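First up is the structure itself, then whatever we jot down about it.
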Amino acid sequence: MRIFLFVAVALIPLVAGRDTGVARQSSPYQDLSSCPEDYGLQTYAHPKNCDQFYKCANGTLTLETCENGLLFDGAGSVHNFCNYHWATNCGDRLFDPDPARNPESVCEYSFGLFKPTAADCDIFYYRCAYGEAEEVACDKGLAYDDRSHSCNWPDLLLDIGCDPEKVVGFRCPDVSSLPPNSLVRQFLPFPRYAVPNDCGRLVTCVNDYPRLISCGYGSAFNEDTLTCDDAENVPQCANYYKE
Ligand SMILES: *[C@@H]1O[C@H](CO)[C@@H](O)[C@H](O)[C@H]1NC(C)=O
């Protein structure tokens, strides 16, 4: 039985090699010279280059190249079926990692998300397309982290210079100063507080650093229960979503 299996496995590459006339490629993707399907729109990864792919539009084959900063893996589409290079799974397929060098621009690559400053805490980022930067604000209370390419709680970004009190605009009270039987103590170790002049949000303190949290549309922070509640149930916020 063992001998039979060995023979069967050894024969497969020989048969495949004879069929196609070439040695089997290590890439799971094939070079295409015509479209496998006659109708509709399909894309196929290029076997060697991660910044290229084949596109079939109703049977018409074109070799497409992603814009600078973008690559293709068939998933995600920032522009023309290509995705940000850090979000693309290239496997063994290769690409030129050189950015488009325009020293005037904040866009390191022609397409991408970029942090405005190298070392400081930023509450916005640049989204570049064709080398043109658009400023995108993080949601209130968050700061941009270029390691995750997303906005995050500032207390998780202390190492890149974020001051959560400054980003959130709130200083967490000293826990030992909270009255012994106060409701807020029931939420320890994550005490929560109303945000002055902001019906729709609350602050939760994590290791004494504030995190700004949204109650969600139609909901307001109820200081009597320290929870988000239907705005109608919070008298001073009843008109918050109506104005
Ligand atoms: C394919 O052809 C149909 C019918 O002419 C058209 O509606 C459709 O947009 C075409 N699709 C592509 C990807 O070109």
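The values are calculated or read from the model by the stated rules, or taken from the named source; none is laboratory data. All values derive from a computational prediction rather than experimental measurement. Cβ sites come from the backbone with ideal geometry, for glycine too, and all protein chains shown count toward neighbours.
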- Candidate set: the stretch 57-93, residues that are more than 30 Å from D145 (Cβ to Cβ), in contact with a Phe, Trp or Tyr (Cβ under 8 Å, 6 or more places away or on another chain) and free of Cβ contacts under 8 Å to residues at least 24 places away in the same chain; chosen: the one surrounded by the most Cβ atoms within 10 Å (Cβ to Cβ): E64
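Sort out for me the strands (runs of 3 or more DSSP E) sitting completely within the stretch 124-230 that have 2 or more residues that are within 30 Å of T88 (Cβ to Cβ).
Here the list reads 124-129, 132-137, 143-145, 150-152.
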- Answer from T60, T65 - the residue that is of a type in the set (S, T, Y), closer than 23 Å to E108 by Cβ and at pLDDT 95 or above: T65
- Query: modelled with pLDDT under 95 and either within 16 Å of the ligand (Cβ to nearest atom) or of a type in the set (D, E) (or both), is that true of E104?
  - Reply: yes
- Query: Can you name every residue in the stretch 41-65 that is within 16 Å of the ligand (Cβ to nearest atom) and either among the acidic types (D, E) or not assigned by the TED database to the domain that holds G76 (or both)?
  - Reply: E64
- Residue in the stretch 121-143 that is in contact (Cβ under 8 Å) with a residue 60 or more places away in the chain, loosely packed, with under 15 Cβ neighbours inside 10 Å and more than 18 Å from A194 (Cβ to Cβ) present: yes
- Please indicate, with yes or no, whether at least one residue in the stretch 189-209 is closer than 16 Å to W153 by Cα and in contact with a Gly (Cβ under 6 Å, 6 or more places away or on another chain). no
- Reported set for the stretch 24-40 where residues are within 13 Å of the ligand (Cβ to nearest atom) and either among the hydrophobic types (A, V, I, L, M, F, W, C) or assigned by the TED database to the domain that holds E132 (or both) is C35
- Mind listing just one residue for me: the one in the stretch 69-87 that is of a type in the set (S, T, N, Q) and touching a Cys at 6+ places or on another chain (Cβ under 9 Å) and, of those, nearest to the ligand (Cβ to nearest atom)? N80
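Being under 30 Å from A194 (Cβ atoms), in contact with a Leu (Cβ under 6 Å, 6 or more places away or on another chain) and surrounded by fewer than 16 Cβ atoms within 10 Å (Cβ to Cβ) is true for just one of L158, L183. Which residue is that?
Criteria check complete, one pass: L183.
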